[in-house]
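Take a look at the structure below.
The values are calculated or read from the model by the stated rules, or taken from the named source; none is laboratory data. Because the structure is predicted, anything quoted here is derived from the model rather than measured. With ideal geometry, Cβ positions are generated from the backbone for all residues, glycine too; neighbour counts draw on all protein chains shown. These accessible areas exclude ligands, DNA and RNA; they are computed on the full protein's heavy atoms, side chains included. Shrake-Rupley method; radii C 1.70, N 1.55, O 1.52, S 1.80 Å.
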Amino acid sequence: MTDSIIHTEKLCKRFAGPKKEVVEAVRDLDLDVAKGEIFGLLGPNGAGKTTTMRMLCTLLSPSGGKATITGFDLARQPHEIRRHIGYVGQKGGMEHVASGRENLMLQAQLYRMSKDEARRRSNELIERLKLTAFADRKTETYSGGQRRIFDLASGVIHSPQLLFLDEPSTGLDPQSRARVWEEAKVLHEQGTTVFLTTHYLEEADALCDRVAIVDQGRIAAIGSPAELKKQIAGDIITLGYEDETRAKAAFQLLEGQRVILEKHDLGTSLQLYVDRGDEALPEILRIVGQGNYPAKSVSLTRPSLDDVFLKLTGRSLRGDGGQS
Ligand SMILES: Nc1ncnc2c1ncn2[C@@H]1O[C@H](COP(=O)(O)OP(=O)(O)O)[C@@H](O)[C@H]1O
Ligand SMILES: [Mg+2]
């Protein structure tokens with residue numbers, strides 16, 4: 001693809017694990033990201049998201065395969081690539097004893113911008129991202145959300161074409177998260193291509209034009225959130241139970257029911273894919289009720305990205321809170 005800002009072919013990364021075993025963190029990754037997209041890698045802890053991103057950012061050398069980033073070859077032209085990309089890691093990287101503005105100036109110097117240019121660009125970003133109120137306080141006094149927005153600003157100080165964000169809103173409260181999303185969108189609207197990783201379904205859904213669902217180093221599916229959700233036709237009925245034993249018993253009662261297209265046992269709840277929820281629900285409730293395993297809670301929903309993940313991998317992404 002000629003207008004791809006990221007193009008990879010069979011990119012892979014192997015590590016030596018704790019017992020000297022081979023860990024295939026990223027396997028045969030084929031990916032094209034178009035200029036101007038917000039593209040997300042969505043997957044659970046350990047799926048290989050950070051490893052992928054660090055390879056694309058020239059911070060980690062691949063074990064195999066090749067990639068072109070901003071038109072340059074990853075293996076042969078890493079310096080050129082670095083001039084055109086910005087990277088905000090999972091932990092951010094600001095000096096706490098300095099103010100946000102001083103941090104931006106410092107970052108600008110790393111990119112060899114002149115003092116005047118650095119000052120102009122810092123002022124512009126501080127204004128544009130509405131950081132004026134706290135720009136001159138030490139960053140150690142910032143809230144997590146304020147710090148993350150400054151991280152975003154320092155990632156784009158040199159006006160990169162392509163911005164990499166590793167888990168941009170992990171650990172933030174919902175309000176700060178919404179703010180980070182808003183600012184990522186602002187940067188995007190101003191022409192920056194954004195490549196991010198996340199284990200939050202809501203983040204992928206709210207922010208990304210396209211999403212690659214990754215699991216165990218592989219892409220399981222790729223498309224817009226709407227396209228991915230369309231893979232699951234119909235409605236989803238979720239039955240909640242007091243404990244796993246009762247849920248399992250109900251699961252067995254529902255064996256072989258034709259109205260159920262597919263079903264998953266999620267421990268204390270059961271997830272049932274049906275064609276038409278309004279028709280299937282009374283039938284299903286009747287079966288579990290007559291079998292003496294009435295559900296404690298019942299919900300009928302449209303498919304979410306988590307349902308797509310579940311269908312592809314047999315596991316749920318929800319509740320995967322930890323990050324390495
Ligand atoms: N430096 C390393 N040495 C050995 N194993 C690693 C290293 N970095 C990552 N891994 C392993 O690679 C896999 C993918 O990790 P990572 O890319 O951090 O996943 P994610 O960002 O999706 O949580 C995990 O199994 C992790 O333990
Ligand atoms: Mg990670």
Q.
If a residue must be of a type in the set (D, E, K, R) and open to solvent by less than 40 Å² (accessible area, probe 1.4 Å), how many such residues does the range 44-54 contain?
A. 1
Q | Qualifying residue in the range 132-151 (condition: in a loop (DSSP other than H, G, I, E, B), open to solvent by 60 Å² or more (accessible area, probe 1.4 Å) and of a type in the set (D, E, K, R)) | A | yes
Q | Where ARG315 falls short, out of the listed (1) within 16 Å of ligand 1 (Cβ to nearest atom); (2) over 17 Å from ASP205 (Cβ atoms); (3) open to solvent by less than 60 Å² (accessible area, probe 1.4 Å) | A | (3)
Q: Scan the range 165-204 for residues that are outside any helix (DSSP H, G or I), more than 16 Å from ligand 2 (Cβ to nearest atom) and surrounded by fewer than 19 Cβ atoms within 10 Å (Cβ to Cβ) and jot them down.
A: ASP173, GLN190, GLY191
Q. Quick one: in the range 32-63, which of the residues that are more than 15 Å from ligand 1 (Cβ to nearest atom) and assigned to a strand (DSSP E or B) is nearest to ARG315 (Cα to Cα)?
A. PHE39
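Residues are listed down the side, and each one gets a yes or a no for (1) assigned to a loop (DSSP other than H, G, I, E, B); (2) farther than 21 Å from TYR241 by Cβ; (3) at pLDDT 85 or above:
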site: ALA280; (1), (2), (3): no, no, yes
site: GLU283; (1), (2), (3): no, no, yes
site: VAL288; (1), (2), (3): no, no, yes
site: ALA295; (1), (2), (3): yes, no, yes
site: SER299; (1), (2), (3): no, no, yes
site: PHE309; (1), (2), (3): no, yes, yes
site: SER316; (1), (2), (3): yes, no, no
site: GLY321; (1), (2), (3): yes, yes, no
**Q.** Filter result (under 19 Å from VAL214 (Cβ atoms) and surrounded by fewer than 19 Cβ atoms within 10 Å (Cβ to Cβ)) within the range 55-65
**A.** LEU59, LEU60, SER63, GLY64
Q. In the range 94-120, which residues are crowded, with 17+ Cβ neighbours inside 10 Å and among the charged types (D, E, K, R)?
A. ARG101, GLU102
Q. Can you name every residue in the range 90-148 that is touching a Lys or Arg at 6+ places or on another chain (Cβ under 7 Å) and basic (Lys, Arg)?
A. none
Q: Being out of contact with any helix residue (DSSP H, G or I) (no Cβ under 8 Å at 6 or more places or on another chain) and either over 23 Å from ALA184 (Cα atoms) or open to solvent by 60 Å² or more (accessible area, probe 1.4 Å) (or both) is the filter here, so list the residues in the range 77-93 that pass it.
A: GLN77, PRO78, HIS79, GLU80, ARG82, ARG83, LYS91
Q: Being open to solvent by 30 Å² or more (accessible area, probe 1.4 Å) and part of a helix (DSSP H, G or I) is the filter here, so list the residues in the range 206-241 that pass it.
A: ALA206, ALA226, GLU227, LYS229, LYS230
Q) Being touching a Gly at 6+ places or on another chain (Cβ under 6 Å) and closer than 30 Å to LYS10 by Cβ, is that true of even one residue in the range 217-239? A) yes
